[in-house]
Amino acid sequence: MTNHNVIQDALYGEEAINEEHLHNNKSVRQVLGKRGIKPETLQPEVDIKKLERHVKSEGKKLAKVSGRLPENGATDQSTYPKIDEK
């Protein structure tokens, strides 16, 4: 929002841009307040890097537990359950 207004209103200089930024923050906070949301009471989200490490770790664990697939996508169909075709 600030970036848009800086371009639209041709704002120049640190002071003008800071004022615009503060104005936008106050406006957003007012809207949240009207909806009963207080940002300081919200739980923080999980850090994306931490989440990525967790997913990667779980993927490695799953690979160890499940074993490897046969090369070239070949499968031993004799291990598949029989399906009655009606």
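Provide the FRET efficiency to the nearest 0.05 for the Lys49-Ile17 pair, computing r from the beta carbons and using R0 = 22 Å.
Numbers: r = 29 Å, r/R0 = 1.33.
The computed FRET efficiency comes out at 0.15.
For Ala10 and Ser57 in one chain, what is 0.36 nm times their gap in residues minus the Cα-Cα distance, to one decimal in nm?
Details: separation 47, 0.36 × 47 = 16.92 nm, distance 4.79 nm.
Length difference between fully extended and current span is 12.1 nm.
A short reminder: the numbers here are calculations on the coordinates, not readings from a lab. Remember, it's a predicted structure, so these values are computed and weren't measured experimentally. As a convention, Cβ positions derive from the backbone with ideal geometry for all residues, glycine included, and neighbour counts pool all protein chains shown.
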